[in-house]
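**Q** Quick one: the structure is below, questions incoming.
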Amino acid sequence: MHHFNYISGILHAENVDINTIIKAVGTPVYIYSSATIERHFKIFANAVGVPKNRVFYATKANANLGVLTTLARLGAGADVVSEGEIRKAQAAGIDPNNMVFSGVGKTARELAYAVSVGIYQINVESEGELELLSEIAASSGKRQDIVLRVNPDVGAGGHAKITTGSSANKFGVSFSEAERLYAKASNLAGVRCIGLAVHIGSQITELDALESAFVKMRSVVESLRSQGLHVERLDLGGGLGIPYEQQAPFAHGPDLIEAYAAMVMRVTDGLDVELGFEPGRLIVGNAGILVTEALYLNKRGNKNFLVVDAAMNDLVRPAMYEAYHEIWPVIEPVNATCHAYDVVGPVCESGDTFTSDRNLPEIAKGDLIALMSAGAYGATMSSTYNQRPLIAEVMVKGDQFVITRPRQTYEELIGTDVAPIWV
Ligand code: LLP
């Protein structure tokens, strides 16, 4: 479900005509709908029982300040994976006491920063991290609340590169090590080990794998308690998928969320823990589009290469995960003839392809098209490859829009490099 629709034959973000934004900002540009973000957050928070339980939005999905402040106003916490994300979430007004810090490679500096700002919880992923964190916190006279991230050996997700919960993945401590490390953590001076965390993958649309991972986590909680260890939190991660294809409109919108919440409540029934959730894609995925202009139509044999001004450096998901994004022309096609197009960007790699042989209504040079469902892992994964400046981001609310990140200038792009002057 999202708020991008045709009104009088022109694509709108909420009540704003996309053409109006493009006239002001140019292309390519990311456009976000605050109404969609708010709707998804509220549905999810309500389903999982906030405020008894807590929702920490996964900042990595979209860290634009416009997105983060929209969520901060709704009372969202943040799941962060670097000092940069902590600082950005703080800049958006999210209290560190409402943040969880995950990740396999937290540096000493990052841990010290997190402890110093009073982060709500650190999700520890290894014995080495546990020892380092305890030393850092103890040396500043603190005892940091932590949970232990367990790898349940249940992998899931829309692509091998985004599966995290299998034992072949780098994340978390192994199932067999969990109890020993939990007991060890409970005797360290600088940490207070009060629970467990799990996250098995992303773009998950079937609940079975999540359920078996959560059932395993429940058994670890019970086993720890039977040894007299204290467990009061269970962080269940993120990972719920969104519909990328219109063929199944709203197929896993509110229904999937409701089914997920019911499953979680069933599996954790009577466990008496505070549950934590870290949704990213679910909140912002369908809340963003990438609008790009068709530059050239190059016919090569039976191929129609539509070259657009956005590229893999702006949205890497198709190149990296063979991800599917719907393509909607900004002017609503009416009885248009369709052709098969390869929609490609200007970057000098054949992998810079958004889609191959996609049947689309006829598109001409100068037309604007939107890559849909680009709100999650779009702008946050972008780069300046081929020395292409980072593109603008715009947020819409009702009939207003604001540039929440201006397009990077060439001065900014080049300005941070230093040419060496050798003596
Ligand atoms: N929690 C942890 C510990 C995570 O590693 C992730 C995502 C999340 C929460 C949020 O997952 P979500 O609810 O968004 O599925 N770049 C990939 C997705 C990578 C996901 C990484 N971890 C993509 O574009 O599909």
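**Q** Tell me yes or no: at least one residue of the range 317-327 is within 16 Å of the ligand (Cβ to nearest atom) and buried (at least 24 other Cβ atoms within 10 Å of the Cβ). Explain how you work it out, then say what you get.
**A** Keep residues of the range 317-327 that are within 16 Å of the ligand (Cβ to nearest atom), which gives 317-326.
Still in the running and buried (at least 24 other Cβ atoms within 10 Å of the Cβ): none.
Looking through the range 317-327, none of the residues is within 16 Å of the ligand (Cβ to nearest atom) and buried (at least 24 other Cβ atoms within 10 Å of the Cβ).
**Q** Can you name every residue in the range 114-127 that is surrounded by fewer than 19 Cβ atoms within 10 Å (Cβ to Cβ) and not aliphatic (A, V, I, L, M)?
**A** Matches in the range 114-127: Ser116, Gly118, Glu127.
**Q** Given the range 25-107, what strands (runs of 3 or more DSSP E) lie entirely inside it while holding 1 or more residues that are over 30 Å from Phe354 (Cβ atoms)? Explain how you work it out, then say what you get.
**A** Working: elements: 29-33, 54-58, 77-80, 99-101.
Qualifying strands (runs of 3 or more DSSP E): 54-58, 77-80, 99-101.
**Q** Let me ask something else about it. When residues of the range 15-24 are filtered for being part of a helix (DSSP H, G or I) and over 20 Å from Val67 (Cβ atoms), how many remain? Quick ask: steps written out before the conclusion?
**A** Restricting attention to the range 15-24, the residues satisfying the condition of being part of a helix (DSSP H, G or I) are 18-24.
Those left that are additionally over 20 Å from Val67 (Cβ atoms): 19-20, 22-23.
Selection size over the range 15-24: 4.
**Q** Can you find even one residue in the range 156-168 that is modelled with pLDDT under 95, part of a loop (DSSP other than H, G, I, E, B), surrounded by 23 or more Cβ atoms within 10 Å (Cβ to Cβ) and of a type in the set (A, V, I, L, M)?
**A** The answer is yes; a qualifying residue exists.
**Q** Right, something else. Within the range 28-44, how many residues are crowded, with 22+ Cβ neighbours inside 10 Å and out of contact with any Pro (no Cβ under 9 Å at 6 or more places or on another chain)? Break it down into steps so the answer makes sense when it comes.
**A** We begin by selecting, within the range 28-44, every residue crowded, with 22+ Cβ neighbours inside 10 Å; these are 28-34, 36-37, 40-41, 44.
Now narrow it down to the ones that are out of contact with any Pro (no Cβ under 9 Å at 6 or more places or on another chain): 28-34, 36-37.
Residues meeting the conditions: 9.
**Q** Same structure again: Restricting attention to the range 178-189, report how many residues are in contact (Cβ under 8 Å) with a residue 40 or more places away in the chain and either part of a helix (DSSP H, G or I) or surrounded by 22 or more Cβ atoms within 10 Å (Cβ to Cβ) (or both). Full working, then the answer.
**A** Looking only at the range 178-189, we keep the residues that are in contact (Cβ under 8 Å) with a residue 40 or more places away in the chain, and these are 178-179, 181-186, 188-189.
Keeping just the survivors that are either part of a helix (DSSP H, G or I) or surrounded by 22 or more Cβ atoms within 10 Å (Cβ to Cβ) (or both) gives 178-179, 181-185.
Number of matching residues: 7.
**Q** Looking only at the range 84-101, decide whether some residue is surrounded by fewer than 19 Cβ atoms within 10 Å (Cβ to Cβ), more than 20 Å from the chain's Cα centre (by Cα) and closer than 20 Å to Ala45 by Cβ.
**A** yes
**Q** Got a sec? Which of Ala63, Ala112, Ala58, Ala45 is over 21 Å from the mean Cα position of the chain (by Cα) and under 30 Å from Lys170 (Cα atoms)? Step through it out loud before you land on a result.
**A** Values: Ala63 fails: over 21 Å from the mean Cα position of the chain (by Cα); Ala58 fails: over 21 Å from the mean Cα position of the chain (by Cα); Ala45 fails: over 21 Å from the mean Cα position of the chain (by Cα).
Result of the check over Ala63, Ala112, Ala58, Ala45: Ala112.
**Q** Note down all Cβ pairs under 9 Å where the first residue falls in the range 47-68 and is not assigned by TED's automatic domain parsing to the domain that holds Ile257, the second is within 15 Å of the ligand (Cβ to nearest atom), and they're at least six residues apart or on different chains.
**A** So the pair list comes out empty.
Let's see how each residue does on (1) of a type in the set (S, T, N, Q); (2) more than 23 Å from Phe175 (Cβ to Cβ); (3) at pLDDT 95 or above; (4) not assigned by TED's automatic domain parsing to the domain that holds Val231:
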residue	(1), (2), (3), (4)
Ile86	no, yes, yes, no
Pro96	no, yes, yes, no
Ser102	yes, no, yes, no
Lys106	no, no, yes, no
Lys142	no, yes, yes, no
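**Q** Between a first residue in the range 309-326 that is closer than 17 Å to Ile369 by Cα and a second residue that is small (Gly, Ala, Ser) and in a helix (DSSP H, G or I), which pairs have beta carbons less than 6 Å apart while being 6 or more apart in sequence or on different chains?
**A** These pairs meet every condition: Met312/Ala319.
The values are calculated or read from the model by the stated rules, or taken from the named source; none is laboratory data. In this text, all values refer to a predicted model and were calculated from it rather than measured experimentally. With ideal geometry, Cβ positions are generated from the backbone for all residues, glycine too; neighbour counts draw on all protein chains shown.
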